[in-house]
Amino acid sequence: GENVEQHPSTLSVQEGDSAVIKCTYSDSASNYFPWYKQELGKRPQLIIDIRSNVGEKKDQRIAVTLNKTAKHFSLHITETQPEDSAVYFCAASTKGVYSGGGADGLTFGKGTHLIIQP
Amino acid sequence: EAQVTQNPRYLITVTGKKLTVTCSQNMNHEYMSWYRQDPGLGLRQIYYSMNVEVTDKGDVPEGYKVSRKEKRNFPLILESPSPNQTSLYFCASSPTGTDEQFFGPGTRLTVL
(Lines give C-alpha, C1' and ligand atoms only; values in the text may rest on other atoms or scores of the structure.)
Protein backbone atom coordinates (compact mmCIF):
# COMPACT_ATOMS: atom_id res chain seq x y z
CA GLY A 1 0.00 0.00 0.00
CA GLU A 2 0.86 3.67 -0.10
CA ASN A 3 3.27 5.15 2.47
CA VAL A 4 3.48 8.91 2.99
CA GLU A 5 6.34 10.47 4.93
CA GLN A 6 6.06 14.10 6.07
CA HIS A 7 8.78 16.41 7.38
CA PRO A 8 9.35 18.23 9.60
CA SER A 9 7.03 17.26 12.42
CA THR A 10 7.34 20.75 13.92
CA LEU A 11 8.28 23.96 12.13
CA SER A 12 8.72 27.33 13.79
CA VAL A 13 9.13 30.44 11.61
CA GLN A 14 9.07 34.18 12.17
CA GLU A 15 5.98 36.01 11.05
CA GLY A 16 6.49 37.21 7.49
CA ASP A 17 8.99 34.47 6.62
CA SER A 18 8.26 31.50 4.36
CA ALA A 19 7.49 27.95 5.47
CA VAL A 20 8.07 24.76 3.50
CA ILE A 21 6.70 21.33 4.38
CA LYS A 22 7.79 18.27 2.43
CA CYS A 23 6.21 14.89 1.76
CA THR A 24 7.31 11.77 -0.05
CA TYR A 25 5.12 8.93 -1.25
CA SER A 26 5.84 5.37 -2.29
CA ASP A 27 3.18 4.36 -4.84
CA SER A 28 3.95 5.62 -8.34
CA ALA A 29 0.25 5.10 -9.21
CA SER A 30 -0.84 7.88 -6.84
CA ASN A 31 -2.23 10.78 -8.83
CA TYR A 32 -3.89 13.16 -6.37
CA PHE A 33 -2.08 15.07 -3.61
CA PRO A 34 -4.09 17.32 -1.27
CA TRP A 35 -2.97 19.39 1.70
CA TYR A 36 -5.18 19.87 4.74
CA LYS A 37 -4.98 22.42 7.53
CA GLN A 38 -6.25 21.58 10.99
CA GLU A 39 -6.59 24.34 13.54
CA LEU A 40 -6.68 23.44 17.21
CA GLY A 41 -9.91 21.67 18.09
CA LYS A 42 -11.22 21.83 14.54
CA ARG A 43 -11.67 19.43 11.67
CA PRO A 44 -9.12 19.16 8.81
CA GLN A 45 -9.94 21.37 5.84
CA LEU A 46 -8.51 21.31 2.34
CA ILE A 47 -6.28 24.27 1.52
CA ILE A 48 -4.81 23.23 -1.82
CA ASP A 49 -4.45 20.12 -3.97
CA ILE A 50 -2.56 19.05 -7.07
CA ARG A 51 -3.00 16.29 -9.60
CA SER A 52 -0.20 14.34 -11.24
CA ASN A 53 -0.51 16.05 -14.61
CA VAL A 54 0.54 19.37 -13.05
CA GLY A 55 3.93 20.30 -11.57
CA GLU A 56 2.92 23.35 -9.57
CA LYS A 57 -0.20 25.10 -8.33
CA LYS A 58 -0.54 28.40 -6.53
CA ASP A 59 -3.32 30.09 -4.58
CA GLN A 60 -2.37 33.48 -3.16
CA ARG A 61 0.27 32.83 -0.46
CA ILE A 62 0.10 29.05 -0.77
CA ALA A 63 1.72 26.90 -3.43
CA VAL A 64 2.27 23.18 -3.93
CA THR A 65 4.94 21.60 -6.11
CA LEU A 66 5.05 17.99 -7.29
CA ASN A 67 8.00 15.98 -8.55
CA LYS A 68 6.62 12.68 -9.84
CA THR A 69 10.00 11.27 -10.74
CA ALA A 70 11.30 11.70 -7.22
CA LYS A 71 7.86 11.00 -5.70
CA HIS A 72 7.79 14.03 -3.49
CA PHE A 73 5.61 17.11 -3.13
CA SER A 74 5.88 20.22 -1.01
CA LEU A 75 3.72 22.94 0.49
CA HIS A 76 5.06 26.49 0.40
CA ILE A 77 3.53 29.29 2.47
CA THR A 78 4.91 32.78 1.89
CA GLU A 79 4.56 35.87 4.09
CA THR A 80 3.37 33.77 7.01
CA GLN A 81 0.79 35.24 9.36
CA PRO A 82 -0.34 34.25 12.89
CA GLU A 83 -3.47 32.60 11.48
CA ASP A 84 -1.26 30.17 9.57
CA SER A 85 -0.40 28.47 12.88
CA ALA A 86 -1.95 25.00 12.68
CA VAL A 87 -1.20 21.36 11.90
CA TYR A 88 -0.79 20.64 8.20
CA PHE A 89 -1.30 17.20 6.65
CA CYS A 90 -0.25 16.03 3.23
CA ALA A 91 -1.95 13.05 1.59
CA ALA A 92 -1.63 10.86 -1.48
CA SER A 93 -4.32 8.91 -3.28
CA THR A 94 -4.39 5.14 -2.84
CA LYS A 95 -5.84 2.25 -4.80
CA GLY A 96 -7.83 -0.52 -3.17
CA VAL A 97 -9.99 -3.48 -4.00
CA TYR A 98 -12.65 -1.42 -5.72
CA SER A 99 -10.32 0.87 -7.66
CA GLY A 100 -11.81 0.16 -11.08
CA GLY A 101 -9.40 2.69 -12.50
CA GLY A 102 -9.99 5.21 -9.72
CA ALA A 103 -8.38 5.51 -6.34
CA ASP A 104 -10.02 4.34 -3.15
CA GLY A 105 -8.96 6.99 -0.73
CA LEU A 106 -6.13 8.94 0.79
CA THR A 107 -3.12 8.03 2.89
CA PHE A 108 -2.11 10.89 5.16
CA GLY A 109 1.26 11.95 6.46
CA LYS A 110 1.69 12.29 10.22
CA GLY A 111 1.35 16.05 10.14
CA THR A 112 3.48 19.17 10.68
CA HIS A 113 2.82 21.55 13.53
CA LEU A 114 3.53 25.00 12.09
CA ILE A 115 4.19 27.71 14.66
CA ILE A 116 4.35 31.34 13.57
CA GLN A 117 6.46 33.40 15.96
CA PRO A 118 5.44 37.07 16.31
CA GLU B 1 -25.90 23.91 4.12
CA ALA B 2 -23.59 21.21 2.75
CA GLN B 3 -22.12 19.33 5.67
CA VAL B 4 -21.00 16.14 7.34
CA THR B 5 -22.42 15.52 10.79
CA GLN B 6 -21.30 13.11 13.49
CA ASN B 7 -22.90 12.04 16.73
CA PRO B 8 -22.08 11.98 19.50
CA ARG B 9 -19.34 14.60 19.64
CA TYR B 10 -18.01 13.30 22.94
CA LEU B 11 -18.40 9.88 24.51
CA ILE B 12 -16.98 8.24 27.59
CA THR B 13 -17.71 4.54 27.90
CA VAL B 14 -16.40 1.38 29.51
CA THR B 15 -14.59 -1.59 28.05
CA GLY B 16 -16.87 -4.03 26.25
CA LYS B 17 -19.97 -1.85 25.95
CA LYS B 18 -21.06 -1.75 22.32
CA LEU B 19 -21.37 1.68 20.78
CA THR B 20 -22.18 3.30 17.46
CA VAL B 21 -20.96 6.62 16.12
CA THR B 22 -23.21 7.97 13.41
CA CYS B 23 -22.10 9.89 10.33
CA SER B 24 -24.35 11.57 7.81
CA GLN B 25 -23.70 13.74 4.74
CA ASN B 26 -26.13 15.77 2.66
CA MET B 27 -23.96 16.27 -0.43
CA ASN B 28 -24.95 13.07 -2.27
CA HIS B 29 -21.34 11.88 -2.12
CA GLU B 30 -20.51 8.34 -3.24
CA TYR B 31 -17.42 8.00 -1.05
CA MET B 32 -17.33 8.00 2.74
CA SER B 33 -14.55 7.13 5.15
CA TRP B 34 -13.69 6.86 8.83
CA TYR B 35 -10.36 7.97 10.32
CA ARG B 36 -8.89 7.97 13.76
CA GLN B 37 -6.47 10.66 14.84
CA ASP B 38 -3.89 10.02 17.55
CA PRO B 39 -1.03 12.30 18.62
CA GLY B 40 2.02 11.81 16.43
CA LEU B 41 0.27 9.31 14.17
CA GLY B 42 -1.77 11.61 11.95
CA LEU B 43 -5.01 10.45 10.36
CA ARG B 44 -5.32 6.72 9.84
CA GLN B 45 -8.11 5.24 7.78
CA ILE B 46 -10.31 2.67 9.49
CA TYR B 47 -12.87 1.77 6.81
CA TYR B 48 -14.17 3.34 3.66
CA SER B 49 -17.13 2.95 1.34
CA MET B 50 -17.23 3.58 -2.38
CA ASN B 51 -21.04 3.36 -2.54
CA VAL B 52 -24.08 1.77 -0.92
CA GLU B 53 -23.30 -1.77 0.24
CA VAL B 54 -19.65 -1.39 -0.88
CA THR B 55 -17.17 -1.14 1.99
CA ASP B 56 -13.54 -2.09 2.52
CA LYS B 57 -10.88 -2.05 5.20
CA GLY B 58 -8.47 0.78 5.61
CA ASP B 59 -5.18 0.66 7.49
CA VAL B 60 -6.49 0.05 11.02
CA PRO B 61 -9.81 -1.87 10.81
CA GLU B 62 -9.35 -4.22 13.78
CA GLY B 63 -12.09 -3.83 16.38
CA TYR B 64 -14.40 -1.80 14.12
CA LYS B 65 -17.35 -2.50 11.85
CA VAL B 66 -19.20 -0.32 9.38
CA SER B 67 -22.28 -0.50 7.20
CA ARG B 68 -23.52 1.53 4.26
CA LYS B 69 -27.19 0.81 3.76
CA GLU B 70 -28.04 4.31 2.60
CA LYS B 71 -25.92 6.72 0.61
CA ARG B 72 -26.00 9.45 3.21
CA ASN B 73 -25.17 7.39 6.32
CA PHE B 74 -22.02 5.53 7.31
CA PRO B 75 -22.08 4.47 10.96
CA LEU B 76 -18.99 3.21 12.80
CA ILE B 77 -19.62 0.35 15.21
CA LEU B 78 -17.39 -0.75 18.06
CA GLU B 79 -18.75 -4.12 19.17
CA SER B 80 -16.50 -4.45 22.21
CA PRO B 81 -14.52 -1.26 22.78
CA SER B 82 -11.13 -1.42 24.44
CA PRO B 83 -8.96 1.36 25.94
CA ASN B 84 -6.66 1.37 22.88
CA GLN B 85 -9.63 2.65 20.87
CA THR B 86 -9.60 5.88 22.85
CA SER B 87 -9.09 8.43 20.10
CA LEU B 88 -10.50 11.29 18.04
CA TYR B 89 -12.63 9.95 15.19
CA PHE B 90 -13.44 11.74 11.97
CA CYS B 91 -15.92 10.82 9.29
CA ALA B 92 -15.36 12.24 5.81
CA SER B 93 -17.12 12.20 2.47
CA SER B 94 -16.22 13.13 -1.10
CA PRO B 95 -17.67 12.67 -4.58
CA THR B 96 -15.04 9.99 -5.29
CA GLY B 97 -11.91 8.82 -3.51
CA THR B 98 -9.78 11.44 -5.26
CA ASP B 99 -11.62 14.68 -4.67
CA GLU B 100 -11.70 17.02 -1.71
CA GLN B 101 -12.76 15.12 1.39
CA PHE B 102 -15.17 16.97 3.66
CA PHE B 103 -14.69 16.10 7.30
CA GLY B 104 -17.23 15.92 10.07
CA PRO B 105 -16.60 17.78 13.36
CA GLY B 106 -15.05 14.77 15.06
CA THR B 107 -16.03 12.46 17.92
CA ARG B 108 -13.79 12.24 20.94
CA LEU B 109 -14.10 8.75 22.41
CA THR B 110 -12.70 7.65 25.74
CA VAL B 111 -12.86 3.97 26.69
CA LEU B 112 -12.19 3.28 30.37
Qualifying residue in the range B:93-112 (condition: open to solvent by 40 Å² or more (accessible area, probe 1.4 Å), of a type outside the set (F, W, Y), more than 26 Å from A:L46 (Cα to Cα) and more than 12 Å from chain A (Cβ to nearest Cβ)): yes
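Are any residues in the range A:54-70 of a type outside the set (K, R) and under 16 Å from A:Y25 (Cβ atoms), and if so, which ones?
Listed by number, the residues that qualify are A:V54, A:G55, A:V64, A:T65, A:L66, A:N67, A:T69, A:A70.
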Complete set of residues in the range A:25-51 that are at the interface with chain B (Cβ under 9 Å from one of its Cβ atoms), closer than 20 Å to B:Q37 by Cβ and in contact (Cβ under 8 Å) with a residue 24 or more places away in the chain: A:P34, A:Y36, A:Q38, A:P44
Qualifying positions in the range B:25-71 - touching a Lys or Arg at 6+ places or on another chain (Cβ under 7 Å) and without any contact (Cβ under 8 Å) to a residue 12 or more places away in the chain: B:G40, B:L41, B:G42
Among the candidates B:S82, B:S49, B:S93, B:S67, residue that is of a type in the set (G, A, S) and within 25 Å of A:Y88 (Cβ to Cβ): B:S93
Residues being loosely packed, with under 13 Cβ neighbours inside 10 Å and under 15 Å from A:E5 (Cα atoms) - total across the range A:18-62: 1
Residue in the range B:80-87 that is within 28 Å of A:I50 (Cβ to Cβ) and either more than 13 Å from chain A (Cβ to nearest Cβ) or part of a strand (DSSP E or B) (or both) present: no
Odd one out for B:P75, checked against (1) surrounded by 14 or more Cβ atoms within 10 Å (Cβ to Cβ); (2) under 29 Å from A:H113 (Cα atoms): (2)
B:N51 being open to solvent by 30 Å² or more (accessible area, probe 1.4 Å), over 20 Å from A:F108 (Cβ atoms), out of contact with any helix residue (DSSP H, G or I) (no Cβ under 9 Å at 6 or more places or on another chain) and within 11 Å of chain A (Cβ to nearest Cβ): yes
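The values are calculated or read from the model by the stated rules, or taken from the named source; none is laboratory data. Model, not experiment: these values are computed from the prediction. Ideal geometry is used to build each Cβ from the backbone, glycine not excepted, and the neighbour counts take in all protein chains shown. Areas reflect the complete protein model, heavy atoms only, side chains present, ligands, DNA and RNA absent. Shrake-Rupley method; radii C 1.70, N 1.55, O 1.52, S 1.80 Å.
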